[in-house]
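Asks: There's a structure below that I have some questions on.
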Amino acid sequence: MMGLMASEETRTVETRTAMTPTERGAAATSTPETTPGAGRPRAWATRLVVVGIMLSALNLRPAITSLGALLEEVRDGLGMSGSVAGLLTSVPPLCFAVFGVMAPRLSRRFGPAAVVCAGMAAIATGLVIRPFVGNTAGFLAASALALMGIAVSNVLMPVIVKRWFPDRVGSMTGLYSMALAAGTSLAAALTVPLTDAMGGNWKSGLVVWATIAAAAVLPWLPLLRERGPADVQVQETAPEAPEQQAPLRLTRSRTAWSLAVFFGLQATAAYITMGWMPQIFRDAGVPAGTAGVLLAVTMVMGVPLAFVIPRVASRLPHQGPIVLVLGVCGLVGYAGLYLAPSGGSWAWAVLLGVSNCSFPLALTMVGMRARSGPGVAQLSAFAQSTGYLISIPGPLLVGVLYQQSGGWGVPIALMAALMVPQMVVGFMAGRDRTVEDEATH
């Protein structure tokens, strides 16, 4: 894994442009011969990028799932109503939409490594501050700071993978998606036990996750001036073509819109799950610690599947069938939550965990639906920012419906209903085409 280098991609930009998405997927599965070159990134830098990607991915969800595990305690401590708690669970997609769109511009000015490094520092700072501000407004502001760091890192992870590992997009996307799922599940499973071990104070249980974010800053510091293989090939083959290419008119691309809506609906399901699923189980009589473990089970399903799904998806000309399988798992899981939330809790947690693997699939499709690194950056920003905007009302609406109806029947029905259009647009986004073909006509 540490020795992955790109060499076959140093062919002309015209040749790369002529490749179809299927051909690029096939190329990603081959192992190219490594040719020496003065401009090739140093081996230590490539290894450090892998470490940085993995550590950063570990930090992209604990700020959210640690809060989900202690949401009842935080609500009581800060005096939140159910509606305000719903607003709190809607803050992540709002921040991802607002700040994620800034990532490509920041990346062009400072470089993706510098932006991700700053993002990890923002996550650490926000997580240190938010438990101790003492009021809801301050808690939201500190959470927004951490989520700003997550937002720019979310967008730039596919860019860094494309830049440093252009011939291993599926494998590297799988690795960082696996690390992301691991961080998500660890925070869900360990937050309550850590809180109990530290005296039962929810503030201590939340602040502990800042340490991992601080550690993730370190690998990026030596990489601030390093260039990936894709940068080297751009300079050696067509210096001005990829970086100077005109911005794509992604609003003209049906594929871009399908991918954005798919991203938004899967994010809606994910943030409802992370924010509310422990409370659903607790209201059904499941102990708080077990409810956190059940959320961890949902999240940990993404560890193996987040590695497998991108690799499988990158070899297929159409990713639609995978979308449908994941959607069916989600529908069955929601039906179980409605009919027997306590009795079949472990089965529903597993099924919803499988369904949540739409996230690494969406990231993989971002890398496959654009030809060049800059194209991936634009598509990633468009799909994620638009998608997270779409997902903002979901968690908030669930909180309102829960409070108004006095139970989980109506909110769960909403979750299941949203899964149907997610399957439709995901199937459309999985078609074998690129946004460049659609956005330039």
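The values are calculated or read from the model by the stated rules, or taken from the named source; none is laboratory data. None of the values given here were measured: they were computed from a predicted structure. Ideal geometry is used to build each Cβ from the backbone, glycine not excepted, and the neighbour counts take in all protein chains shown. Heads up: the accessible areas ignore ligands, DNA and RNA and are worked out on the full protein's heavy atoms, side chains in. Shrake-Rupley method; radii C 1.70, N 1.55, O 1.52, S 1.80 Å.
Asks: Which residues, taken from region 399-441, are hydroxyl-bearing (Ser, Thr, Tyr) and either surrounded by fewer than 20 Cβ atoms within 10 Å (Cβ to Cβ) or not in a helix (DSSP H, G or I) (or both)?
Replies: Hits for region 399-441 are Ser405, Thr434, Thr440.
Asks: Of all helices (runs of 4 or more DSSP H) completely enclosed by region 266-364, which ones contain at least 3 residues that are at pLDDT 90 or above and either of a type outside the set (Val, Ile, Thr) or open to solvent by 30 Å² or more (accessible area, probe 1.4 Å) (or both)? Reasoning before the result, please.
Replies: Numbers: elements: 288-300, 302-315, 320-339, 345-355.
Per the criteria, 320-339, 345-355.
Asks: Now for a different question. Looking at region 135-159, which of its residues are open to solvent by less than 30 Å² (accessible area, probe 1.4 Å), within 12 Å of Pro93 (Cα to Cα) and hydrophobic (A, V, I, L, M, F, W, C)?
Replies: Passing the criteria: Ala144, Leu147, Ile150, Ala151.
Asks: While we're on this one: Which condition number does Arg108 fail, the rest of (1) of a type in the set (D, E, K, R); (2) touching a Phe, Trp or Tyr at 6+ places or on another chain (Cβ under 8 Å); (3) open to solvent by 20 Å² or more (accessible area, probe 1.4 Å) being met?
Replies: Answer for Arg108: the failing condition is (2).
Asks: May I ask you to say which residue of Gly174, Gly228, Gly170, Gly183 is closer than 26 Å to Ala349 by Cα, modelled with pLDDT under 85, open to solvent by less than 50 Å² (accessible area, probe 1.4 Å) and in contact with a Pro (Cβ under 7 Å, 6 or more places away or on another chain)?
Replies: The match here is Gly174.
Conditions tested, residue by residue: (1) assigned to a helix (DSSP H, G or I); (2) among the β-branched types (Val, Ile, Thr); (3) more than 24 Å from Tyr388 (Cα to Cα).
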{"site": "Ile150", "(1), (2), (3)": "yes, yes, no"}
{"site": "Leu175", "(1), (2), (3)": "yes, no, no"}
{"site": "Ala179", "(1), (2), (3)": "yes, no, no"}
{"site": "Pro193", "(1), (2), (3)": "yes, no, yes"}
{"site": "Asp196", "(1), (2), (3)": "yes, no, yes"}
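Asks: Identify the residue in region 380-395 that is farther than 16 Å from Ser358 by Cα and polar (S, T, N, Q) and, among all such residues, is modelled with the highest pLDDT.
Replies: Thr386
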